[in-house]
Amino acid sequence: MNDQFTPPPAPGCRNAPILKQRGQREVFCGLTGIIWLHRKIQDAFFLVVGSRTCAHLLQSAAGVMIFAEPRFGTAILEESDLAGLNDAHAELDKTVAQLLARRPDIRQLFLVGSCPSEVIKLDLSRAAERLTQQFAPAVRVLEYSGSGIETTFTQGEDACLAAMVPVLPASDARELLVVGALPDVVEDQMLSLLDGLGVGPVRVLPARSIEAEVGIGSNTVFALTQPFLGETHAALERRGARHLAAPFPFGDEGTTAWLKTIADEFGVSAEQFADVTEAPRRRARAAIAQAAAPLNDKSVFFFPDSQLEVPLARFLTRECGMRAVEVGMPYIHDAIHGPDLDLLPEGPQISEGQDVDLQLDRCRDARPDLTVCGLGLANPLEAEGLSTKWAIELVFTPVHFYEQAGDLASLFARPLRRKAILSHEGEAAE
């Protein structure tokens, strides 16, 4: 919501018909999540078991200099491994031993599976158990799959966090667990808001180090900051924790609703809630109003990519004045996405999964003012005259909570501003 317009009424899209399609998909590799997770979990190392393609992807996506020593790497399958001349488990054990001998700062080691068939055949779960026994208590070894064959790229984080939940200790303490990797500066802003509300103790998953981890039990309540954590949500509920369902903290409205859900759970008074949130809400509304002017009354079409699509569509329609034509999601999880669907105004086609050719046809027919999609579709659609926004940029950029609300609106406004400038220059040249 900004000062330029009143949000439309929201009968909601939670019960709207969902177009479910299963066909050719355009997705990015789940290994991508390592790029933000290795920065967040400061005593961890992510060892990808994969091919040279995996190594090239990580190196190029992270932009790591050759002289840097990042906290991720690839145990590359060589020709002798592919030919079955080596014992893959013995080779993996040797690589891990060499790594840990050289990097004694590692406290958590993640074995990350990839999509080559030779990797799929490896039992990384047993390898993690074997290596944990060998290197405990100095190092904890876990495993998860980052393969992009069946998942979208943000689910790499989901698989990582879900792998962490079963090994967290049991606890009967009454605590709030905030789940989802955020940039440190954004996490600090969030913790400051919760502290001002008097909510606590507050723990974060993933924690910045293994020493900061917390137990889980029936008195734990958890709130998600990322909409793509379906497996982590299920793992926490299996441990007895209770989910606080809320819209996601994008923009003024989403952040306020997310905080209010937590505040109500912990008995925060309306007066204290208003005192803590009034000033940042005012800043957020002003920033959105300034940044979102090019978005007002423009149409937007979401291809399924990052799993952020539903809460972002809610933000754009209710706080930036846009009209959603189609909102596609790789997966729709009612317990997670339902609160945002409740607020999303009626009208757009809600779709789950993808048959990319059919969805491209719908997009071309609609000719939206802005199309949010993956890298593989953006350039072809730009060539057809459609303005696009890369979905992956919304994951790598700080966009959560009040102080980033204006930046979030700016990310969507930028392609429309660019198109307007180029059109004006083209007319002037004629």
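The helix-only estimate of mean residue ellipticity at 222 nm for the chain, built from DSSP H runs of length n ≥ 4 each weighted as -39500 (n - 2.57), is -13500 deg cm²/dmol after division by the residue total. The label-point distance for A101 and H89, in a model that sets each label 7 Å from Cα toward Cβ, rounds to 2.2 nm. The angle between the Cα long axis of helix 334-343 and the longest principal axis of the Cα atoms of the chain comes to about 20 degrees, rounded to the nearest 10. Label-to-label distance, R238 versus D355, with points set 7 angstrom from Cα along the beta-carbon direction: 3.4 nm. Shape class of the range 293-417 from the alpha-carbon gyration tensor: rounded, with the ratio a/c of largest to smallest axis under 1.5. The value of relative contact order for the chain, using C-alpha pairs under 8 Å at least six residues apart, is 20 percent. Measuring nothing but protein heavy atoms, the accessible surface of the chain at 1.4 Å probe radius is 52 percent carbon and sulfur.
Pull out a ≥ b ≥ c, the square roots of the eigenvalues of the alpha-carbon gyration tensor of the chain, then state rounded if a/c is under 1.5, prolate if not and a/b is larger than b/c, and oblate in the remaining case. In terms of gyration-tensor shape, oblate.
Extension gain, R282-A170: 0.36 nm per intervening residue step, less the Cα-Cα distance, totals 36.3 nm.
Modelled spin labels at D342 and R418, positioned 7 Å past Cα toward Cβ, are 3.7 nm from each other. Axis of helix 155-164 versus longest Cα principal axis of the chain: the two differ by about 50°, to the nearest ten degrees.
Full extension of the chain between I18 and A293 gives 95.9 nm of extra length, using 0.36 nm per residue less the Cα-Cα distance. In straight-distance terms, cross-link reach from K94 covers every one of the lysines whose alpha-carbon lies under 21 Å from its own, apart from those fewer than eight places away in the same chain; here that gives K121.
Rounded to the nearest 10 degrees, the angle from helix 309-319 to the longest Cα principal axis of the chain is 30 degrees. For the range 343-430, just say rounded, prolate or oblate: build the C-alpha gyration tensor, square-root its eigenvalues into a ≥ b ≥ c, call rounded for a/c under 1.5, and beyond that prolate if a/b exceeds b/c, oblate if not. Since a/c reaches 1.5 but b/c is at least a/b, the shape of the range 343-430 is classed as oblate.
The values are calculated or read from the model by the stated rules, or taken from the named source; none is laboratory data. Just so you know, these numbers come straight off a predicted model, no measurement behind them. Here Cβ is always computed from backbone atoms with ideal geometry, including for glycine, and neighbour counts include all displayed protein chains. Surface areas here come from the heavy atoms of the whole protein model, side chains and all, with no ligands, DNA or RNA. Shrake-Rupley method; radii C 1.70, N 1.55, O 1.52, S 1.80 Å.
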